[in-house]
Amino acid sequence: GSTDDDIDPTSLPPGTSARNPFSAAGDYPGAVIYSQQRRIFASSTNNPERCWASYLGGYSNFEIYNEITDSCHVQFDLVGRQVNEIMHLIETRQLLALTIGSEWSINGNDVGVITPTAVNPKQQTFYGSRFIRPLNVGEEIYFIQSRGTRVRSLGFDFGNDGYKAPDLTIFSSHLFDKYTLEDWCFQQNPQSIVWVVRSDGKLLGLTTIKDQEMLAWHQHDFSGGLVEKVCAIPEGSED
């Protein structure tokens, strides 16, 4: 064998530069998701509209390479009519970014793959999302609107070739007026119910069966007690 004293085994590969986009206060991200074999961060204090996607298969690799390939780190901003902080990254049929003022799809290239040269973000709806993480309910995303008083379902509409986000509280508005929604969870079995904590400590439930177009809100009181948090825990065949 042979050795080369000029090679440092801890050095970076040729054509790279060390890079940590989240090294200081103000640069820490506020949202994260794993998608398309990348770890994707979003929304720091200094860059509230920015997304950083890792090297393909290298979830901590955000280095900049001299030769750009489809596997390289991706960085992009969601530039719209206003500066809106990204609140959540979530995925259904594709990656979605929910900001404080609008909802975006991240479309990628012709086959939906995100690359350094093909991101193609598109604003879909303009409602805005609260800080509480959205829920995956079937093929849709349920999110609490930015003011905290409405629940919307974000789903793809093939007829319009885009996303729609109807208000799920419109026929039960008396349960939400003058209150905000503070926490929630989704119970999938044995009934499909979204449990929601209201700001006065009351518990609301939304029974939803998409295939049957059924939607029903109900209220639950606890004598002598208030609800602060909810969590759906799987056990056996039930939640």
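Considering only residues that are more than 20 Å from Thr149 (Cβ to Cβ) and of a type outside the set (Gly, Ala, Ser), look in the stretch 222-239 and name the one that is most open to solvent (accessible area, probe 1.4 Å).
In this case the residue turns out to be Glu235.
If we scan the stretch 172-189, do we find a residue that is surrounded by fewer than 19 Cβ atoms within 10 Å (Cβ to Cβ), among the aromatic types (Phe, Trp, Tyr) and closer than 27 Å to Ser54 by Cβ?
Our first condition is that a residue be surrounded by fewer than 19 Cβ atoms within 10 Å (Cβ to Cβ); within the stretch 172-189, this holds for 172-175, 177-180, 183, 185-186, 188-189.
Retained after the next criterion (residues that are among the aromatic types (Phe, Trp, Tyr)): 179, 186.
Among the residues that remain, those that are also closer than 27 Å to Ser54 by Cβ are: none.
Checked against the condition, which is being surrounded by fewer than 19 Cβ atoms within 10 Å (Cβ to Cβ), among the aromatic types (Phe, Trp, Tyr) and closer than 27 Å to Ser54 by Cβ, the stretch 172-189 yields no hits at all.
Find the strands (runs of 3 or more DSSP E) located wholly in the stretch 150-239 whose residues include 3 or more that are closer than 30 Å to Ile106 by Cα, and list them.
151-157, 162-164, 181-187, 193-198, 203-209
On the given criteria, is Glu85 in contact with a helix residue (DSSP H, G or I) (Cβ under 8 Å, 6 or more places away or on another chain) and crowded, with 18+ Cβ neighbours inside 10 Å?
Values: in contact with a helix residue (DSSP H, G or I) (Cβ under 8 Å, 6 or more places away or on another chain): no; crowded, with 18+ Cβ neighbours inside 10 Å: yes.
So Glu85 does not fit the description; no.
Residues that are closer than 18 Å to Pro134 by Cα, open to solvent by less than 30 Å² (accessible area, probe 1.4 Å) and either part of a loop (DSSP other than H, G, I, E, B) or modelled with pLDDT under 90 (or both): does the stretch 41-63 have at least one?
Yes, there is a match, as at least one residue in the stretch 41-63 is closer than 18 Å to Pro134 by Cα, open to solvent by less than 30 Å² (accessible area, probe 1.4 Å) and either part of a loop (DSSP other than H, G, I, E, B) or modelled with pLDDT under 90 (or both).
Say we look at the stretch 136-149 and pick out the residues that are surrounded by 19 or more Cβ atoms within 10 Å (Cβ to Cβ) and without any contact (Cβ under 8 Å) to a residue 60 or more places away in the chain; which of these is nearest to Arg93 (Cα to Cα)?
Taking the candidates together, the pick is Ile141.
Identify the single condition in (1) surrounded by fewer than 14 Cβ atoms within 10 Å (Cβ to Cβ); (2) in contact with a strand residue (DSSP E or B) (Cβ under 6 Å, 6 or more places away or on another chain) that Met214 does not satisfy, given that it satisfies every other one.
Result: Met214 fails condition (2) only.
The values are calculated or read from the model by the stated rules, or taken from the named source; none is laboratory data. On a predicted model such as this, the values are computed, not experimentally measured, just so you know. Glycine also receives a Cβ, built like all others from the backbone with ideal geometry; neighbour counts cover every protein chain displayed. Note: accessible area is taken over every heavy atom of the protein model, side chains too, but ligands, DNA and RNA are not part of it. Shrake-Rupley method; radii C 1.70, N 1.55, O 1.52, S 1.80 Å.
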